[in-house]
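Remarks on the structure that follows.
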Ligand code: ADE
Ligand code: ZN
């Protein structure tokens, strides 16, 4: 692909709306944290860790992901993890991130809720100072655990309510329908928190209906199996429910057999608002920009289509009208400057004729 196109795609102002902070733990930091906190690892080298990142499905990934998350213990660990992610995603044009964390993974190891949240929040603040990226924090309940545990977790997080933007639902989907968690989501909504839920990743379209009907989900994480249910597609279009789609994740966890068969173009064609995200970038081979580039290269989405998706990601943020207007104006200004730059490029015969040996789909 033409390097200039890649750089233009990366530079598009965007929001990341589906990102698990624990899923940004790169092997290098994993070893550092294991050493700092004297947590034994079953891997000897960074390379050995990377070769272990071959997954058969969601559960085989989650087993590795929860094991690695056990190296996170102190406020500084959570701070460092968060800053490392923001440093990385700033280079991909992120202007806002609404990130997930899984407190039960940590509280189950006797790490205090306050340690987790304060560490992440100080990292998010540092990221805003360094890169101007604004953020929100979404607490995810682990759906493979009992609903009562989710309620205990919610109560433990309530003293930190001011730091939370919303709640979500993640972990092993099949056999753990949203209906099990109705009560805790009702409490969260009563506290004014936004609601998202993973649904239709490995689970059936019925789980997407449940997440909307029973949890009050405002966005659906993944939702790629929605196309199997025409009534659900009609509903997502009618209500303009945003789906936070993660192409490289779906490939790594074998939700799709080949990237070329990913349903993203069909979801877009149906008229569903879709954003592109990275899910767990340290495990799935790419951050936010890499997922946009994958959509360009494997799915043939043009720069213009990707720009529309980036704009939709900003429109789908949980922000007030002023902040949304600011984010969208930043996007529109960027694109206007981009158009001028592209015209300049076209006026320069040598540059405009840059060869493309791989057959650029733009
Ligand atoms: N936790 C981290 N990544 C996840 C995913 N893709 N699906 C469900 N739970 C997760
Ligand atoms: Zn996810």
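Read the figures in this text as sums done on the coordinates, not as results from a lab. Here the structure is a predicted model, which means the values were calculated and not measured. Here the Cβ positions follow ideal geometry from the backbone for every residue, glycine too, while neighbour counts run over all protein chains shown.
Which shape class applies to segment 1-136: rounded if a/c is under 1.5, otherwise prolate when a/b exceeds b/c and oblate if not, where a ≥ b ≥ c are the square roots of the Cα gyration tensor eigenvalues?
In terms of gyration-tensor shape, oblate.
Going 7 Å from the Cα of residue 174 in the Cα-to-Cβ direction, what parts of segment 115-146 have a backbone nitrogen less than 16 Å from that spot?
Once the point is set 7 Å along Cα→Cβ of residue 174, 144 turn out to lie under 16 Å by backbone N, inside segment 115-146.
Percent relative contact order of segment 3-339, based on C-alpha pairs within less than 8 angstrom and at least six residues apart?
21
What is segment 3-339 by shape, rounded, prolate or oblate, if you read a ≥ b ≥ c off the alpha carbon gyration tensor as root eigenvalues and call it rounded for a/c under 1.5, prolate for a/b larger than b/c, and oblate otherwise?
Judged from the Cα gyration tensor, segment 3-339 comes out rounded (a/c under 1.5).
Report the full-extension gain for the segment residue 261 to residue 324: residue separation times 0.36 nm, less the Cα-Cα distance, to one decimal in nm. Spell out each step's value before the answer.
Working: separation 63, 0.36 × 63 = 22.68 nm, distance 3.30 nm.
Value of the extension gain: 19.4 nm.
What is the extension gain from residue 110 to residue 145, computed as 0.36 nm multiplied by their sequence separation minus the C-alpha to C-alpha distance, in nm to one decimal?
10.9 nm
Please list 7-20, 166-179, 276-289, 136-149 highest first by mean number of surrounding beta-carbon atoms within 10 Å per residue. Each step should come with its number before you reach the end.
Numbers: 7-20: 23.2, 166-179: 20.7, 276-289: 25.4, 136-149: 19.1.
Top to bottom by mean Cβ count within 10 Å: 276-289, 7-20, 166-179, 136-149.
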